[in-house]
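Values in this text are rule-based calculations from the coordinates and carry no lab data. Every value quoted in this text rests on a predicted model; they were computed, and no experiment measured them. Because the Cβ atoms are built from the backbone with ideal geometry, glycine has one as well, and the counts that use them run over all protein chains shown.
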Number of protein chains: 4
Amino acid sequence: MTFKHKIFNLVDENNKGSLPNRAFNLFIVFLILLNVAAIVLESFSRIKSTYSQEFYFFEIFSVVIFTIEYLLRVYTADFKYPGKTKIGSIGTFLSSPLAIIDLLAILPTYLPLIIPIDLRFIRILRLLRITRLFKINRYSNSLKLIGEVFKDKRSDLGVTIFITFILLVIASTLMYYIEGQVQPDKFPNIIASFWWAVATLTTVGYGDVYPITGLGQFISGIIALLGIGLVALPTGILSSAFIEKINSKKKADVEKCPTCGKDL
Amino acid sequence: MTFKHKIFNLVDENNKGSLPNRAFNLFIVFLILLNVAAIVLESFSRIKSTYSQEFYFFEIFSVVIFTIEYLLRVYTADFKYPGKTKIGSIGTFLSSPLAIIDLLAILPTYLPLIIPIDLRFIRILRLLRITRLFKINRYSNSLKLIGEVFKDKRSDLGVTIFITFILLVIASTLMYYIEGQVQPDKFPNIIASFWWAVATLTTVGYGDVYPITGLGQFISGIIALLGIGLVALPTGILSSAFIEKINSKKKADVEKCPTCGKDL
Amino acid sequence: MTFKHKIFNLVDENNKGSLPNRAFNLFIVFLILLNVAAIVLESFSRIKSTYSQEFYFFEIFSVVIFTIEYLLRVYTADFKYPGKTKIGSIGTFLSSPLAIIDLLAILPTYLPLIIPIDLRFIRILRLLRITRLFKINRYSNSLKLIGEVFKDKRSDLGVTIFITFILLVIASTLMYYIEGQVQPDKFPNIIASFWWAVATLTTVGYGDVYPITGLGQFISGIIALLGIGLVALPTGILSSAFIEKINSKKKADVEKCPTCGKDL
Amino acid sequence: MTFKHKIFNLVDENNKGSLPNRAFNLFIVFLILLNVAAIVLESFSRIKSTYSQEFYFFEIFSVVIFTIEYLLRVYTADFKYPGKTKIGSIGTFLSSPLAIIDLLAILPTYLPLIIPIDLRFIRILRLLRITRLFKINRYSNSLKLIGEVFKDKRSDLGVTIFITFILLVIASTLMYYIEGQVQPDKFPNIIASFWWAVATLTTVGYGDVYPITGLGQFISGIIALLGIGLVALPTGILSSAFIEKINSKKKADVEKCPTCGKDL
């Protein structure tokens, strides 16, 4: 096994076998979790002002590790996509969603070195690395199942979202014309009214905006009741998809007729 | 192909083949979306006062286009409903839900020409055209499935709505008698109490009205818990309908007995 | 057909055929709806003070009609329960849930004639008659299906309610000890805390009571997330019950083997 | 039957047959319910100050009974786990979840006798005994079914919780950076922001914290809509699990071919 192959076996996420690989992945997961913890702690102004240097060093340290990992993946991309040319495999890797997330997670820390501006906000892109946690092998089967269910039903779920959107537009326009006259501060325009519509249709109901006219309350009630249908629709779609998956899996376990021995 | 047939192929919504037809439908969809955007932007008082003339011209322009489209559809109605007489096909078209929506969308702009009153409110009926977006071919299968599911279960869902209504009436009457004594401003009558009942049963809970007496809170809790059943009932109905649809589709793919070759 | 038989055919709710019977049932339904409307209108203090006499006469009129209907049902009870003796059939009728509701609906209006007290509150028991609307033939199949689903799964749903109750008790006790120290006015005792627990678990969240301590918010979050499971559990139970019902119905349509002609 | 065997038959929870055993279990359930009632009543400061001694005596009485029950179970553990040695069976019993709960329920009352501090808070651990109510035979089948459903799908449900958690982390970090600038008192740090995220994703929406900036409201709307997916996902999983259970149960009722008499 060449050195490059060894590197690939170390950093590859799908290589379940070897101990060093598992240790490496565990280390990366641990570092990601520490970064999440750091971002959370940094948000406490008192903690941040006391340990600002420690946070800064930890960020540099993490990003350097993440950068090395990213470069090693680029270097071994031809092992990951064996059927492609060297350049082709690197291109495929660079444009994969996870690689883009990884790049977005490390870039903001390097940017101030080039452009002299403080990009505090986009530095939290480091957080995106949390999605890497989905790669943990433990859950991979369930995650795959859920992913397939959403993929199978993406068209039905898309229609649900579409219906929801049209409902929100109609409701918020109506509400602007009805309540905007009485509560111009709460419903000053249709965009503000849209906020009420979302909060009502999803049954969140913060209580910062609500209708006070009779007609407004009537429409609000209709929207809230439709919100229940909005929950029922995707749930029904997903339920049927899960059942379909289970049944087709069982079918795949071919059954033979016990009498004549032929496939049923 | 006659000129009239060409016109029909251009404006027909179900004609998936030709390029001009697809371009025409795309243009109409685009114009509808621009109208929605215009209605939303017009609701910002500052934008409206600055660009009031532009909005007005855009409305006239859109409505003229929509009117021409409507008239062309009337003109080619006998192609759409081939089995009917000229008059019969126009009558069928005019009384179809989408044609009524289209008429409602254009009429309010013409009305002020006849009656000298400002009908600002009903001019937003243009928004109804948004329902036309459902005609986009991409989603038509999923939309048809969801439509059939609701149609198959309209009786079961009707009973759910009926139970909900009776529950709301009983809850709001009770609450008026219990809380109306202590909070006469929040529960002044049963209609106002109904507003609380809807907000509670749908679990929106804005927080503008809530019980403060022990008995009122007890009933409110019961209603909120029943609200969970209210979500569970239609969801269960829709789930079973989706599964039924999938199974009956599979059955339709006739299976033959592998041994004797006959249909099972 | 005897006079008594004719009366029975008139007032019986399950006799779908005859015109007079359908007219009679429609009249009763109409009267019930008018009574609901009257109760709602009476709750507006201004309307009540203006038309108090009209409301009183309408109540007397309705209750007299309901009383006559009730007595006619008692009179013809032996036709409804043919296998029983005269006394037995009356007893069975009097103890049926719908007869008890009907009695509760008429009694409060007669009571002041006997006891000289004003029982304004219990007079709204007339509202109970609204449950009679469930008897409308249109919905009877769907209503029967929903009823059977709840009956089949009453044990599973009972456990769900039981789990909910235990969760509420534990959550509200914890919250009383945690938040009661900081917000003694909002969480003065466990019963008050229970009100918060119900509003949170059902995701109503009025916003009149909410935790402000870190630990309180943590527990509140857990309860709210469990609240989602609380929705998922009965929904899953009801979904499976609806599917079971549909499948067992299909099975009942006996299928024969197309080759040998025997039942499968 | 030895005296020890008689004791075992008395205190064993799975022994459905004998009358004394059922009476004993009923007495324990009754005592648990009384303890719950006592804890609730004690939370009313006026009731507590008036009857503080009665509550104290009742607690001592209950805990003594619970202690005796606990010791009898330890004593007869070798009957409960027949295949093990005396020591092994006691160890198995002591480490069973219900035994740990029972120990936690009685310990806090004894602690002040050893350590001279007032542990008022942990004394409510007595409440944990409420979980014992799940042992009531009536519900055992349904409870077992629900337990199995959760066990079968623990991996899928785990992924749902995992997705929820990652969603909450990302949403609350974003919201801290967006709303923290405008409402530093409501979103002072990411942990406080997490509280908002939970209340929104679960659609509780107390209304104590909500976004006021346009971008914040936009993200809040997205989270609320995703919250609906969060309900749909576990519901779909549980629905399919319930259906699977019912189907596999039916399969277990072996069907024979009506023609040749052999098992299918």
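If the requirement is being within 24 Å of D:Val169 (Cβ to Cβ) and hydrophobic (A, V, I, L, M, F, W, C), which of these qualifies: A:Ile68, A:Ile87, A:Ile106?
Among A:Ile68, A:Ile87, A:Ile106, only A:Ile106 is within 24 Å of D:Val169 (Cβ to Cβ) and hydrophobic (A, V, I, L, M, F, W, C).
Could you tell me whether any residue of segment A:89-97 is closer than 21 Å to A:Leu113 by Cα and not hydroxyl-bearing (Ser, Thr, Tyr)?
no
Take B:Lys186 and tell me if it is without any contact (Cβ under 8 Å) to a residue 40 or more places away in the chain, surrounded by fewer than 24 Cβ atoms within 10 Å (Cβ to Cβ) and of a type in the set (Lys, Arg).
yes
Working carefully through the options C:Ser142, C:Ser172, find the one that is in contact with a helix residue (DSSP H, G or I) (Cβ under 8 Å, 6 or more places away or on another chain), at the interface with chain D (Cβ under 9 Å from one of its Cβ atoms), part of a helix (DSSP H, G or I) and surrounded by 15 or more Cβ atoms within 10 Å (Cβ to Cβ).
C:Ser172
Kindly indicate which of C:Phe61, C:Phe57, C:Phe93 is more than 10 Å from every other protein chain (Cβ to nearest Cβ), of a type in the set (Phe, Trp, Tyr) and crowded, with 18+ Cβ neighbours inside 10 Å.
Sole residue among the options that is more than 10 Å from every other protein chain (Cβ to nearest Cβ), of a type in the set (Phe, Trp, Tyr) and crowded, with 18+ Cβ neighbours inside 10 Å: C:Phe93.
Looking only at segment B:210-241, which residues are in a helix (DSSP H, G or I) and touching an Asp or Glu at 6+ places or on another chain (Cβ under 6 Å)?
The answer is B:Gly216, B:Ile237, B:Ala241.
Hey, can you tell me all the residues within segment B:107-117 that are in contact (Cβ under 8 Å) with a residue 12 or more places away in the chain and hydrophobic (A, V, I, L, M, F, W, C)?
Residue satisfying the conditions is B:Leu107 alone.
Looking for whichever is within 14 Å of chain A (Cβ to nearest Cβ), surrounded by fewer than 19 Cβ atoms within 10 Å (Cβ to Cβ) and in contact (Cβ under 8 Å) with a residue 24 or more places away in the chain here; the options are B:Leu127, B:Leu104. Which one fits?
Among B:Leu127, B:Leu104, only B:Leu104 is within 14 Å of chain A (Cβ to nearest Cβ), surrounded by fewer than 19 Cβ atoms within 10 Å (Cβ to Cβ) and in contact (Cβ under 8 Å) with a residue 24 or more places away in the chain.
Can you confirm whether B:Phe66 is in contact with a Lys or Arg (Cβ under 9 Å, 6 or more places away or on another chain) and of a type in the set (A, V, I, L, M, F, W, C)?
yes
In segment C:239-253, is there at least one residue being crowded, with 24+ Cβ neighbours inside 10 Å, more than 24 Å from the chain's Cα centre (by Cα) and under 30 Å from A:Gly236 (Cα atoms)?
Yes, segment C:239-253 contains a residue that is crowded, with 24+ Cβ neighbours inside 10 Å, more than 24 Å from the chain's Cα centre (by Cα) and under 30 Å from A:Gly236 (Cα atoms).
What do you reckon, is A:Ala99 crowded, with 19+ Cβ neighbours inside 10 Å and more than 12 Å from chain D (Cβ to nearest Cβ)?
No.
Any idea how many residues of segment D:203-222 are touching a residue at least 40 places away in the same chain (Cβ under 8 Å) and more than 9 Å from chain A (Cβ to nearest Cβ)?
The number of residues fulfilling the criteria is 2.
Can you pull out the residues in segment B:199-209 that are part of a loop (DSSP other than H, G, I, E, B) and either in contact with a Gly (Cβ under 6 Å, 6 or more places away or on another chain) or closer than 17 Å to B:Leu226 by Cα (or both)?
Answer for segment B:199-209, where residues must be part of a loop (DSSP other than H, G, I, E, B) and either in contact with a Gly (Cβ under 6 Å, 6 or more places away or on another chain) or closer than 17 Å to B:Leu226 by Cα (or both): B:Thr202, B:Thr203, B:Val204, B:Gly205, B:Tyr206, B:Gly207.
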